[in-house]
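Participant: My questions will all concern the structure given below.
The values are calculated or read from the model by the stated rules, or taken from the named source; none is laboratory data. Fair warning: this is a prediction, and the values are worked out from it, not measured in the lab. Cβ atoms come from the backbone with ideal geometry, glycine included; neighbour counts cover every protein chain shown.
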Amino acid sequence: MGLTKSLQRLAELDAIVGRMLQAGRIPGAAIAIVADGQTAFSRGYGYRDLEAKLPMTAQTVYPIASTTKAINTTLLGMLVDEGRVAWDAPVQRYLPWFQLQDPLRSAQVTVRDLVTMRTGLPRHDFIWNENPVSRANLIERLRYVEPSAGFRERFQYNNLTSTTAGHLAGVVSGQSWEDLAQQRILGPLGMASTGFAMPAAGEVSLSYHENSRREVIPTQRCHSGDTAPSGGSIHSTVLDMTRWIALNLQGGQIDGRTLIKPETLAEIHTPQMVVLPADLAAPSPGAPYAMGWFVDTYNGHARVSHGGYLWDVNSEVSLFPKDNIGIVSFVNFGCHRLARIINNYAFDLIMGLETKTTFEERLAGYEKEIRDTRERNASVRRISNTSPSHPLADYTGSYTHPGYGTLEIQRSKDELLLRRGQLEVALQHWHYDVWAPQESDMFVIHTQHIFERANRLSFETNADGAISAFSWLIEPAIGPARFAKQDSSK
């Protein structure tokens, strides 16, 4: 495939992405393409800062989100090459204290189980959401949360098992995961604009979402650094990411240097787990999961890819190994999750193919998600003319779950507040001893989450009549979690 012909076709991409930004009310996006071993195209569109009208470029820094998972498995693969880690060795060989709720299952979990997300655990992301504890402490909490499937029964997308695998790599190497990633991947690839935190200044993209009034507003970015191996901290540019793409397309080699054995990288790219067709994390229905990558066929061409979503930034890295093409996109309005669509359009232009899924179809799906969410919240049953069983002061205090940690319930005039770190959610009395999260500009309006009105907190009393706990549905597949009130007199 000639680069000249490809670039001529890619001239049409400007108009396509421009229409996406306008139709989706998206502030900005960026894309870079590697073809035949060269960066064939890189460009920014729209704004990285909507209010200040600062333009997006190929050098704009974004959080790369869960596309980090492939970096994580590549680091582990390098340790496999050195004989320091084995994919099918028990995790407890490297982390003797590792434990899930079931001791027998705990002893059987392997490194491969962690990165292929088949331990039986659902996401349990509230363990780390705005909960600044150590990475080791996050992993220790896994013993206190329930599985929702049998061991190795099925794939369930999971940030915490990926984080565990990354922590294991750090322990084995005697370094922090961040130092290991810098030394083994970011440094050798020359990814000088890539780091482990959002830069305090410079060409950095803000991120945005729609509130309930359909206004596009900046997103508050909460703590997530402890989940760095799964995608909680790395920030990069599309230009820097072309180096990462090139490493994968070139069998683990870059500039004549081998960073990982080709056979190890090939195993990382090989399907490991069947994914249920309804799993929305997959790039296509039922696309199997490898190790940090999904593997499928797009428009008749083999594809290895992974998306990411963090702080309302949507990222996507797509590899087409047989065509020697790789594409990375970032979008700073995550609600539509259009990064994958942009990558698809770009690939189709290069190859002269008709696009299978249009951005208009994705936007229509987004509008349906909003309608479904509004209907779900509007249908929540409420019994009128009821009152709390206790004065508001009796509900306040610290409430703890051994896995999810501690939450504070505070009084705010005639209502309650739920707080943890920078997270603050106003609660509205619903009926009896049940409170519901009030509508907030902090949260997206198109998808189910734990802070929507339909997910209410139910307080309970003990035998002495005192408020003693509340129950809250965090993982729908396993039922409500119970947060016990702590005795303030101790």
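Residues are listed down the side, and each one gets a yes or a no for (1) over 24 Å from Asp36 (Cβ atoms); (2) at pLDDT 95 or above:
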site	(1), (2)
Gln183	yes, yes
Ala201	yes, no
Ser207	yes, yes
Glu210	yes, no
Arg213	yes, no
Ser224	yes, no
Thr237	no, yes
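Participant: Could you please let me know if Thr396 is under 30 Å from Asn324 (Cα atoms), over 23 Å from the mean Cα position of the chain (by Cα) and without any contact (Cβ under 8 Å) to a residue 24 or more places away in the chain? Talk me through it step by step, then tell me what you get.
Facilitator: Values: under 30 Å from Asn324 (Cα atoms): no; over 23 Å from the mean Cα position of the chain (by Cα): yes; without any contact (Cβ under 8 Å) to a residue 24 or more places away in the chain: yes.
Here the answer is no, as Thr396 does not meet what is asked.
Participant: From the list Tyr298, Tyr289, Tyr309, exactly one residue is within 14 Å of Ala70 (Cα to Cα) and among the hydroxyl-bearing types (Ser, Thr, Tyr). Which is it?
Facilitator: On the way: Tyr298 fails: within 14 Å of Ala70 (Cα to Cα); Tyr309 fails: within 14 Å of Ala70 (Cα to Cα).
Answer to the check: Tyr289.
Participant: Do you know which residues across segment 343-359 are under 24 Å from the mean Cα position of the chain (by Cα) and over 14 Å from Ser318 (Cβ atoms)?
Facilitator: Result: Thr358, Phe359.
Participant: Let me ask you something else. Would you check if Arg419 is in contact (Cβ under 8 Å) with a residue 12 or more places away in the chain, out of contact with any Lys or Arg (no Cβ under 7 Å at 6 or more places or on another chain) and assigned to a loop (DSSP other than H, G, I, E, B)?
Facilitator: On the way: in contact (Cβ under 8 Å) with a residue 12 or more places away in the chain: yes; out of contact with any Lys or Arg (no Cβ under 7 Å at 6 or more places or on another chain): yes; assigned to a loop (DSSP other than H, G, I, E, B): no.
Here the answer is no, as Arg419 does not meet what is asked.
Participant: For segment 260-304: of the residues being under 18 Å from Gly334 (Cα atoms) and in contact with a helix residue (DSSP H, G or I) (Cβ under 9 Å, 6 or more places away or on another chain), which is modelled with the lowest pLDDT?
Facilitator: Here is the first cut: in segment 260-304, the ones under 18 Å from Gly334 (Cα atoms) are 280-283.
Narrowing the set further to residues that are in contact with a helix residue (DSSP H, G or I) (Cβ under 9 Å, 6 or more places away or on another chain) leaves 281, 283.
Working: Ala281: 88, Pro283: 93.
Once the filter is applied, the top-ranked residue is Ala281.
Participant: Can you find a residue in segment 74-85 that is within 30 Å of Gly334 (Cα to Cα) and either not assigned by TED's automatic domain parsing to the domain that holds Ala32 or not hydroxyl-bearing (Ser, Thr, Tyr) (or both)? Walk me through how you get there before you give the answer.
Facilitator: From segment 74-85, those within 30 Å of Gly334 (Cα to Cα) are 74-76; that's our starting set.
Right, trim to either not assigned by TED's automatic domain parsing to the domain that holds Ala32 or not hydroxyl-bearing (Ser, Thr, Tyr) (or both) and you get 75-76.
So far as segment 74-85 goes, yes, one or more of its residues are within 30 Å of Gly334 (Cα to Cα) and either not assigned by TED's automatic domain parsing to the domain that holds Ala32 or not hydroxyl-bearing (Ser, Thr, Tyr) (or both).
Participant: Separate question: Can you tell me which residue is modelled with the lowest pLDDT among those in segment 386-425 that are aliphatic (A, V, I, L, M) and surrounded by 15 or more Cβ atoms within 10 Å (Cβ to Cβ)?
Facilitator: Quick first cut of segment 386-425, residues aliphatic (A, V, I, L, M) only: 392-393, 407, 409, 416-418, 423, 425.
Remaining after also requiring surrounded by 15 or more Cβ atoms within 10 Å (Cβ to Cβ): 392, 407, 409, 416-418, 423, 425.
On the way: Leu392: 96, Leu407: 97, Ile409: 98, Leu416: 97, Leu417: 97, Leu418: 97, Leu423: 90, Val425: 94.
The selected residue is Leu423.
Participant: Give the number of residues within segment 284-307 that are among the small types (Gly, Ala, Ser), buried (at least 22 other Cβ atoms within 10 Å of the Cβ) and closer than 20 Å to Gly37 by Cα.
Facilitator: 1
Participant: Could you check, for segment 83-92, whether at least one of its residues is surrounded by fewer than 19 Cβ atoms within 10 Å (Cβ to Cβ), of a type in the set (D, E, K, R), in contact with a strand residue (DSSP E or B) (Cβ under 8 Å, 6 or more places away or on another chain) and in contact (Cβ under 8 Å) with a residue 12 or more places away in the chain? I'd like the intermediate steps shown before the answer.
Facilitator: Here is the first cut: in segment 83-92, the residues surrounded by fewer than 19 Cβ atoms within 10 Å (Cβ to Cβ) are 83-84, 86, 88-90, 92.
Narrowing further to those that are of a type in the set (D, E, K, R): 84, 88.
Add one more test, that the residue is in contact with a strand residue (DSSP E or B) (Cβ under 8 Å, 6 or more places away or on another chain), and what stays is 88.
Okay, now just the ones that are also in contact (Cβ under 8 Å) with a residue 12 or more places away in the chain, so 88.
Yes, that holds for at least one residue.
Participant: Let me ask another. Filter segment 142-185 for residues that are under 28 Å from Leu104 (Cβ atoms) and aliphatic (A, V, I, L, M) and give the result. So that I can check it myself, show each step before the final result.
Facilitator: Taking segment 142-185 first, the residues under 28 Å from Leu104 (Cβ atoms) are 142-172.
Of everything in segment 142-185, those that are under 28 Å from Leu104 (Cβ atoms) and aliphatic (A, V, I, L, M) turn out to be Leu142, Val145, Ala149, Leu160, Ala165, Leu168, Ala169, Val171, Val172.
Participant: Name the pairs whose Cβ atoms lie under 9 Å apart, with the first residue in segment 312-331 and in the same structural domain as Ile268 (by TED's automatic domain parsing) and at pLDDT 95 or above, the second part of a loop (DSSP other than H, G, I, E, B) and acidic (Asp, Glu), and 6 or more positions between them or separate chains?
Facilitator: Going by the 9 Å Cβ cut-off, the qualifying pairs are Asn324/Asp36; Ile325/Asp36.
Participant: Now for a different question. Which condition does Thr447 not pass, out of (1) polar (S, T, N, Q); (2) loosely packed, with under 14 Cβ neighbours inside 10 Å; (3) modelled with pLDDT under 90, if it passes all the others?
Facilitator: That leaves (2) as the condition not met.
Participant: What are the residues in segment 45-66 that are within 20 Å of Gly308 (Cβ to Cβ) and either outside any loop (DSSP other than H, G, I, E, B) or free of Cβ contacts under 8 Å to residues at least 60 places away in the same chain (or both), if any?
Facilitator: Result: Tyr45, Gly46, Arg48, Val61, Tyr62, Pro63, Ala65, Ser66.
Participant: Separate question: Within segment 258-283, track down each residue that is within 21 Å of Ile341 (Cα to Cα), in contact with a Pro (Cβ under 9 Å, 6 or more places away or on another chain) and surrounded by 15 or more Cβ atoms within 10 Å (Cβ to Cβ).
Facilitator: Val275, Asp279, Ala282 - these are the residues of segment 258-283 that are within 21 Å of Ile341 (Cα to Cα), in contact with a Pro (Cβ under 9 Å, 6 or more places away or on another chain) and surrounded by 15 or more Cβ atoms within 10 Å (Cβ to Cβ).
Participant: Mind listing whichever residues of segment 462-487 are in contact with a strand residue (DSSP E or B) (Cβ under 6 Å, 6 or more places away or on another chain) and in contact (Cβ under 8 Å) with a residue 40 or more places away in the chain?
Facilitator: Filtering segment 462-487 down to residues in contact with a strand residue (DSSP E or B) (Cβ under 6 Å, 6 or more places away or on another chain) leaves 462, 467-474, 480-486.
Selection gives Ile467, Ala469, Phe470, Ile474, Ala481, Arg482, Phe483, Ala484, Lys485, Gln486.
Participant: Let me ask something else. Return the residue satisfying two criteria in turn: it lies in segment 90-118 and is of a type in the set (A, V, I, L, M, F, W, C) and not in a loop (DSSP other than H, G, I, E, B), and of such residues it is nearest to the chain's Cα centre (by Cα).
Facilitator: First, the residues of segment 90-118 that are of a type in the set (A, V, I, L, M, F, W, C): 91, 95, 97-98, 100, 104, 107, 109, 111, 114-115, 117.
Next, from what is left, pick out any that are not in a loop (DSSP other than H, G, I, E, B): 91, 104, 107, 111, 114-115.
Working: Val91: 23, Leu104: 29, Ala107: 27, Val111: 20, Leu114: 16, Val115: 14 Å.
Only one residue tops the list, namely Val115.
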